[in-house]
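Here is the structure we will look at.
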Amino acid sequence: MPAPESTAPARLDELSQGEHMLLWAFRALAIGARDCRLIHRQFDEACGPAGVEALAALGVFVRELALNGRRKITLAAPGSMRITRDEQLILALFAAAQAEDYARLEAHLAWLLAGEPRPPFAAAACLTAQALGMSGYVLRLPEVEAPATIERPTRLRPLPARGERIG
């Protein structure tokens, strides 16, 4: 059966302003640019007093992911227009946190980490996502389209008994 197609954005210019800001900061933090003044200023201007805490929580999320994630996460280079599947998952994870869809948040975290999520991940995602939401930056939950047709499994003939002829 073919996998459902996602309508998640595949390019940076398809993102909302909040999604773009979140992904840009995530990439920068992942490569170690924690002191980037431009990112700090953007979060301060976008979220006001909550900007410092939102960016700090995002930094905790990225650091914990690097230390405790069990699989390699693929990120595009800062400034790249393309969005990797892992980055789409990260955006969906933060969107679930903002929408208070905790079951989806936990499922995305488990997939991203390749294991059981620890408490700092959900808390950091929720703090960051809620700060963006309170400032009017809505993170969109990706829509997943169901396949147009559902393929029926082919019927297999039973194996012949020992000594029986196939014919």
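Selection within region 106-132: residues that are outside any loop (DSSP other than H, G, I, E, B) and farther than 17 Å from residue 26 by Cα. The member of this set that is modelled with the lowest pLDDT is 119.
Among all positions in region 73-86, there is at least one residue which is of a type in the set (Asp, Glu), in contact with a Ser or Thr (Cβ under 8 Å, 6 or more places away or on another chain) and assigned to a helix (DSSP H, G or I).
When you check residue 6 against the structure, is it under 19 Å from residue 131 (Cα atoms), at pLDDT below 95 and either among the hydrophobic types (A, V, I, L, M, F, W, C) or surrounded by 12 or more Cβ atoms within 10 Å (Cβ to Cβ) (or both), yes or no? No: the conditions fail for residue 6.
Residue 89 meets the stated requirement of being without any contact (Cβ under 8 Å) to a residue 60 or more places away in the chain, aliphatic (A, V, I, L, M) and either within 19 Å of residue 141 (Cα to Cα) or surrounded by fewer than 14 Cβ atoms within 10 Å (Cβ to Cβ) (or both). Are any residues in region 26-44 in contact (Cβ under 8 Å) with a residue 24 or more places away in the chain and either touching a strand residue (DSSP E or B) at 6+ places or on another chain (Cβ under 7 Å) or assigned to a loop (DSSP other than H, G, I, E, B) (or both), and if so, which ones? Answer for region 26-44, where residues must be in contact (Cβ under 8 Å) with a residue 24 or more places away in the chain and either touching a strand residue (DSSP E or B) at 6+ places or on another chain (Cβ under 7 Å) or assigned to a loop (DSSP other than H, G, I, E, B) (or both): 31, 33, 34.
Filter region 34-69 down to residues that are more than 16 Å from residue 86 (Cβ to Cβ) and surrounded by 14 or more Cβ atoms within 10 Å (Cβ to Cβ), then give me how many there are. Residues that pass the stated criteria total 20. Each residue in region 76-86 was checked for being surrounded by 13 or more Cβ atoms within 10 Å (Cβ to Cβ), under 14 Å from residue 20 (Cα atoms) and either modelled with pLDDT of 90 or more or among the basic types (Lys, Arg) (or both), and 3 pass. Taking residue 159, is it at pLDDT below 90, of a type in the set (A, V, I, L, M, F, W, C) and either assigned to a loop (DSSP other than H, G, I, E, B) or within 24 Å of residue 49 (Cβ to Cβ) (or both)? Answer is yes for this residue.
The values are calculated or read from the model by the stated rules, or taken from the named source; none is laboratory data. Bear in mind the structure is a predicted one, so any value in this text is a computation, not a measurement. Heads up, the Cβs are rebuilt from the backbone with ideal geometry, glycines too, and the neighbour counts pull from every protein chain shown.
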